[in-house]
1. Regarding segment 152-261, what's the average projected area of the Cα-atom convex hull, expressed in nm²?
2. Along the Cα→Cβ direction, 7 angstrom out, place labels at residue 210 and residue 238. What is the inter-label distance in nm?
3. Between residue 171 and residue 147, what is the label-to-label distance in nm when each label sits 7 Å out along the Cα-to-Cβ direction?
4. Please compute the modelled spin-label separation between residue 25 and residue 186, points set 7 Å along Cα→Cβ, answer in nm with one decimal.
5. What FRET efficiency comes out for residue 162 versus residue 266 if R0 is 41 angstrom and r is the Cβ-Cβ distance? Round to the nearest 0.05.
6. Within 10 Å of each residue's Cβ, count the other Cβ atoms and sort 239, 45 from fewest upward.
7. For each of 96, 77, 72, count neighbouring Cβ atoms within 10 Å of the residue's Cβ, then give the residues from fewest to most.
8. Whole Å is fine, so just give me how far the alpha carbon centre of segment 229-274 lies from that of segment 50-79.
């Protein structure tokens with residue numbers, strides 16, 4: 001247990017070191033308060049079956065440090081599709097959660113794994129035409145339902161090859177961002193990464209014009225699998241409220257956790273740790289809301 005505590009403190013100190021407003025040398029102790037968390041999975045339910053499994057390399061911005069205020073984070077995202085319900089989630093997060101479940105005391109082993117997003121996106125659930133998104137912000141898990149967006153695609157004549165498949169270009173504007181996508185008509189599935197869908201073929205790659213958010217397929221296979229839904233005591237919210245909460249967390253994670261009581265920092269000189277963040281702000285993948 002002592003080793004675990006030291007490891008946790010070291011991990012938190014490394015995170016704080018990237019937060020320019022906090023003097024790491026003035027930190028006496030760090031306590032992580034998990035009493036209010038709803039992260040525990042209460043049940044796993046089958047909500048559908050998939051026949052196609054795709055793996056995407058996903059890039060997105062994250063908070064950096066003084067030298068590199070915004071840096072790009074890589075994730076591996078899995079898309080299960082081919083039926084009435086699809087699921088889009090992080091392989092890195094799935095692997096880390098599985099490791100923690102198998103050996104919850106081995107913090108060091110878990111910390112060495114890549115940390116993916118906790119977000120899970122279910123399209124066609126709880127019913128056709130609807131989507132459900134769940135995500136942990138800090139240690140609190142949120143859920144919202146929404147209509148599956150209707151996307152007005154413009155299909156062009158430009159072509160490129162991805163994973164040996166001939167792909168055509170298509171463009172759209174979704175949630176305030178312009179995306180260019182490449183889809184393979186040879187794979188007759190109207191799905192794609194994230195909330196991008198509705199083309200006459202699987203979306204193999206997509207990126208926004210600013211180069212902040214991108215997805216490119218790196219593997220796919222025909223395999224029948226169960227699509228599972230994790231039950232928790234989620235806080236139900238709306239898309240707009242969720243985005244505002246996520247925006248606050250992503251742009252100032254340490255300040256967010258201090259203000260929410262999830263992290264308690266005791267300083268050597270007795271001063272209150274600052275929750276201010278003077279670093280450059282970055283925008284979310286969805287921009288059609290007021291932060």
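1. Seen from a random direction, the Cα hull of segment 152-261 projects 9.7 nm² on average.
2. Each label point is offset 7 Å from its Cα along the Cβ direction, giving 2.3 nm.
3. Using points 7 Å along Cα→Cβ, the separation is 2.6 nm.
4. A separation of 6.0 nm, rounded to one decimal place.
5. The calculated FRET efficiency here is 0.20.
6. The fewest-first ordering by Cβ neighbours comes to 45, 239.
7. In order of increasing Cβ crowding within 10 Å: 72, 96, 77.
8. Their Cα centres are 21 Å away from one another.
Each reported figure results from applying straightforward, stated rules to the coordinates on display, with no laboratory input. Model, not experiment: these values are computed from the prediction. Heads up, the Cβs are rebuilt from the backbone with ideal geometry, glycines too, and the neighbour counts pull from every protein chain shown.
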